[in-house]
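> Dropping the structure in here first, questions after.
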Amino acid sequence: MGKTKIKGTAIKKSGGEKVFEVVVYALATLFCIYCLFPFAIILGSSFETEANFATYGFPIIPKDFTVQAYKVVLGDAQIFRAYGVTIFTTVAGTLFSMLLTITMAYPLSLKKVKFRNVITFFVYFTMLFGGGLVPTYLLIARTLGLKDNIMVLILPVAFGAWNMFLMRNFFNGIPHELSESAYMDGANDFQILWKIILPVSIPGIATLSLFYALGYWNQWFNAMLYIDNSKLFPLQYLLMRMLRNADAMKEMARSTGIAAGEIPTNSLRMATTVVAIGPIIFLYPYVQKYFTSGLTVGAIKG
Amino acid sequence: MKKTKTKAKADKAYKEHLGFVGGLQELWKHKMLYLMTLPTIIWVLIFCYYPMYGVLIAFKDFSYKEGIWGSPWVGLKNFQFLFNYKSVGRIFFNTIFLNVLFIATGTIMSILLALVFVEIKNKVYNKIVQTIAIFPHFVSWTVVAMFMSGIIGGSGIMTRWIMDNGGADPAFYTTPGWWPLILVLLKLWQGAGYGTIVYVAAITGFDQEMYEAARVDGATRLQQITRITLPLLKTTAIMLTIMSVGKIFNGDFGMIYALIGDNASLYSTTDVIDTFVYRALRQLNNLGMSTATSFFQSIVGLVLVFTTNFLAKKVEPDAAIF
């Protein structure tokens with residue numbers, strides 16, 4: 001008796017099934033349009049001649065294509081400084097965050113560490129209760145004197161308890177046999193972590209790093225509270241100021257020699273946004289799977 | 001048999017009578033591991049625990065010169081001040097109301113989308129759709145504020161569409177009534193796709209044999225969804241909802257401040273506890289009231305978390321946090 005192939009489409013699709021499929025694809029497509037539509041506006045408007053905004057509004061396809069807004073954005077040092085600040089804080093911050101996270105998550109994943117529950121609770125409690133904005137502000141601004149210091153974008157936000165528990169879950173999945181044999185060969189815990197555990201945990205590390213990196217890249221709150229020096233503004237805060245504050249744009253336009261009355265406010269805002277989120281759009285398809293898997297592990301393993 | 005029993009007893013005894021010396025022995029035995037945790041413990045002490053003692057400010061008439069210790073006690077006066085503040089009810093209401101809207105619409109939308117995504121059999125289109133749907137989550141609220149100016153601003157797309165079709169100037173940025181709707185639509189834009197991840201993972205984990213059996217029995221895809229998928233998702237959905245309810249007293253500062261900022265004309269429907277706490281610090285310079293408010297928020301939050309965790313345990317015993 002040979003292999004009998006059962007065709008998956010042996011049961012014919014009824015008319016109702018076809019309608020169902022159309023509805024499904026329609027809903028999915030509609031939602032995708034909903035998601036992409038704002039980006040289309042941002043992109044299109046960044047290339048539109050400023051004068052057209054008052055008459056025609058914000059376009060997806062510009063009526064009079066121009067790169068003037070980009071000339072202003074890229075002609076002024078500010079966007080590059082902001083990029084510098086953001087890249088530095090993202091890279092240095094992610095490294096520091098991963099250091100704090102891994103060194104805490106690994107011992108807490110080991111049953112033999114008897115004080116595990118005490119330390120876990122110590123960390124977990126911070127997720128339940130905190131001092132609040134005022135005490136934190138006083139600590140950072142006055143006690144630690146971190147105002148107008150680039151480290152204020154890294155130090156106070158470096159450790160995420162939720163992220164650490166996610167990392168611990170990843171470590172929980174590593175079989176003990178791996179480290180056991182190394183112990184018998186005389187390795188110490190640091191060596192085991194570095195040489196055995198970490199290489200095996202690359203997916204988890206990638207996921208966590210991306211979570212942190214995204215947080216650093218998008219942050220603006222601490223900049224708003226603690227930084228007045230425009231040379232230290234990160235990208236997102238720069239965007240916020242451009243939206244709120246007419247002066248922010250005048251500064252930018254000044255270096256390109258444009259008169260105050262002729263600043264292409266609308267297209268300038270959009271062009272700056274495009275320049276600011278460009279890297280994310282570019283990198284995103286490559287890193288998306290890490291976020292998806294990380295969230296799944298975290299949610300299902302709790 | 002006897003050996004394991006005695007060992008188990010010995011272990012238990014070791015744990016129970018760890019004591020001071022036993023504790024030190026434990027620290028020494030795994031000194032490298034405990035040393036590893038030290039930097040993070042220090043960080044947590046500085047940035048999480050040290051500020052906790054700052055809640056004392058809520059009970060004091062704080063002045064920068066005197067510092068926390070020097071400032072005089074005023075008992076509950078800051079709290080009285082807070083609760084007598086004319087808009088305080090509105091702030092609490094907005095916080096809870098907006099979160100309820102977000103949770104309800106978010107859950108429905110995420111489940112609906114997850115069901116849709118799972119039904120897309122074409123693998124390429126499926127990947128594309130999910131990639132696009134999740135992407136808005138990665139963009140900060142400042143970017144959202146930017147494109148909103150292009151949609152509901154003076155020359156915005158929505159504004160012009162309304163006025164071109166005979167409507168009056170909707171004045172989005174000065175009419176508070178619009179904003180619960182706007183905020184919900186934006187929250188969905190940003191989070192509905194991201195929220196599908198957990199549901200899609202759950203659905204794809206379901207045993208396919210049930211669906212096969214149903215199909216053989218002649219059930220349509222729609223019936224399979226309503227009779228099989230949805231009931232199975234109920235537990236996950238309830239769990240996630242309960243978790244969200246635990247945070248219902250916390251407003252989304254990032255979203256609201258980025259979109260509304262200091263636009264006082266919109267406060268009546270958008271001001272939440274967190275934006276109020278921020279304003280009390282930065283503009284009103286009333287540190288006592290600001291601290292009192294966040295302290296109150298933390299206490300309520302604590303109660304909510306314990307309550308919702310208790311409820312969660314009843315639904316799904318394994319999934320609760322503690």
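> Please identify which residues in region A:222-261 have an amide N closer than 16 Å to a label point set 7 Å out from the Cα of A:Asp148, following the Cα→Cβ vector.
Counting only backbone N, you get A:223-234.
> May I ask for log10 I(q)/I(0) of region A:168-302 at q = 0.10, 0.11, 0.13, 0.14 Å⁻¹, from a Debye sum over the Cα atoms as equal point scatterers with solvent left out?
Taken in order of the listed q values, log10 I(q)/I(0) reads -0.56, -0.63, -0.75, -0.81.
> A follow-up question, please. Looking at this model, which pairs from A:Lys71/B:Lys187; A:Lys250/B:Lys247; A:Lys195/B:Lys29; B:Lys123/B:Lys234 are more than 30 angstrom apart at the alpha-carbon?
A:Lys71/B:Lys187; A:Lys250/B:Lys247
> Another one. Need one value for A:112-119: mean number of C-beta atoms belonging to other chains within 10 Å of its residues' C-beta atoms.
5
> Turning to a different aspect of this structure: When Lys and Arg each count +1 and Asp and Glu each count -1, what net charge do the other residues less than 11 Å away from B:Asp252, Cβ to Cβ, add up to?
+1
> Give, in whole angstrom and from largest to smallest, the semi-axes √(5λ) of the equivalent ellipsoid of region B:19-68, with λ running over the eigenvalues of the Cα gyration tensor.
In descending order, the three semi-axes are 36, 13, 7 Å.
> Shifting gears a bit: Evaluate E = 1/(1 + (r/R0)^6) for A:Ala26 and B:Thr105, where r is the Cβ-Cβ distance and R0 equals 25 Å; express this FRET efficiency to the nearest 0.05.
0.80
> Give me the base-10 log of I(q)/I(0) for the protein assembly as shown at each q in 0.05, 0.09 Å⁻¹, Debye formula, one uniform scatterer per Cα, rounded to two decimals.
For the protein assembly as shown at q = 0.05, 0.09 Å⁻¹, log10 I(q)/I(0) is -0.27, -0.88.
> Compute the distance in nm between two label points, each set 7 Å from the Cα along the Cα-to-Cβ direction, one at B:Met210 and one at A:Ile174.
Output for this residue pair reads 3.6 nm.
> Mean separation of Cα pairs under 8 Å and 6+ residues apart, divided by the residue count of chain B: what relative contact order is that in percent?
24 percent
> Restricting things to Cα coordinates, could you compute the convex hull volume per residue of chain A in Å³?
Cα-based convex hull of chain A, divided per residue, equals 248 Å³.
> Please state the shape class of chain B: rounded when a/c is under 1.5, otherwise prolate if a/b exceeds b/c and oblate if not, all from the C-alpha gyration tensor.
oblate
> Among A:Thr292, A:Thr273, A:Thr94, determine the one that fluctuates most according to a GNM of chain A built with springs between C-alpha atoms less than 10 Å apart.
Top of the fluctuation ranking is A:Thr292.
> How many nm is it between the label spots at A:Tyr124 and B:Ile42, if each spot is 7 Å from the Cα in line with the beta carbon?
Between A:Tyr124 and B:Ile42, the label points sit 2.7 nm apart.
> When you look at the Cβ of every residue in B:125-138, what mean number of other chain Cβ atoms sits within 10 Å?
6
> For a bin width of 10 Å, list the pair-distance distribution of region B:121-253 built from all Cα-Cα distances, rounded to whole %.
9, 26, 28, 21, 13, 3
> Let me ask another. Roughly speaking, what is the centre-to-centre gap between region B:164-227 and region B:114-144 when only Cα atoms are used, to the nearest Å?
The two parts, judged by their Cα centres, are 12 Å apart.
> Express in whole angstrom the spacing between the alpha-carbon centres of region A:113-127 and region B:263-317.
Rounded to whole Å, the Cα centres lie 25 Å apart.
> How do A:154-164, B:267-277, A:190-200 rank on mean C-beta neighbours within 10 Å, highest first?
Going by the mean number of other Cβ atoms within 10 Å, highest first, we get B:267-277, A:154-164, A:190-200.
> Under a GNM of chain A (C-alpha, springs under 10 Å), which listed residue has the highest mean-square fluctuation: A:Thr29, A:Thr86, A:Thr272?
A:Thr29
> For chain A, what's the relative contact order in percent, using C-alpha pairs closer than 8 Å and at least 6 residues apart?
28 percent
> For region A:173-213, compute the orientation-averaged projected area of the C-alpha convex hull (one quarter of its surface), in nm².
The number I arrive at for region A:173-213 is 3.1 nm².
> Return the distance in nm (one decimal) between the two label points of a simple spin-label model at B:Leu284 and A:Ser255, each offset 7 Å from Cα along Cα→Cβ.
4.0 nm
> Using alpha carbon centroids, what distance separates region A:158-173 and region A:18-66, in Å?
The two parts, judged by their Cα centres, are 39 Å apart.
> Oh, and also: For region A:244-285, evaluate the Debye formula with one uniform point scatterer on each Cα (no solvent term) and list log10 I(q)/I(0) at q = 0.24 Å⁻¹, rounded to two decimals.
-0.80
> Shielding by partners for B:183-189, please: the mean number of other protein chain Cβ atoms within 10 Å of each residue's Cβ.
Counting other chains' Cβ atoms within 10 Å and averaging over B:183-189 gives 1.
> Moving to a separate point now. Could you give P(r) for region B:59-133, binned at 5 Å from zero, as whole percent values over all Cα-Cα pairs?
In order of increasing distance, the bins hold 3, 12, 11, 10, 8, 9, 8, 7, 6, 7, 7, 7, 4, 1 percent.
> OK, next. Using a Gaussian network for chain A with springs between C-alpha atoms less than 10 Å apart, which of these wobbles most: A:Glu21, A:Glu177, A:Glu251?
Maximum fluctuation in the GNM of chain A, among the listed residues, is at A:Glu21.
> Non-local amide H neighbours of B:Lys60 (under 5 Å, H modeled in plane, Pro and chain starts lacking H): which ones?
B:Val74
Read the figures in this text as sums done on the coordinates, not as results from a lab. For clarity, every value in this text was computed on a predicted model and none was experimentally measured. For neighbour counting, all protein chains shown are included, and Cβ atoms are generated from backbone atoms with ideal geometry for every residue, glycine included.
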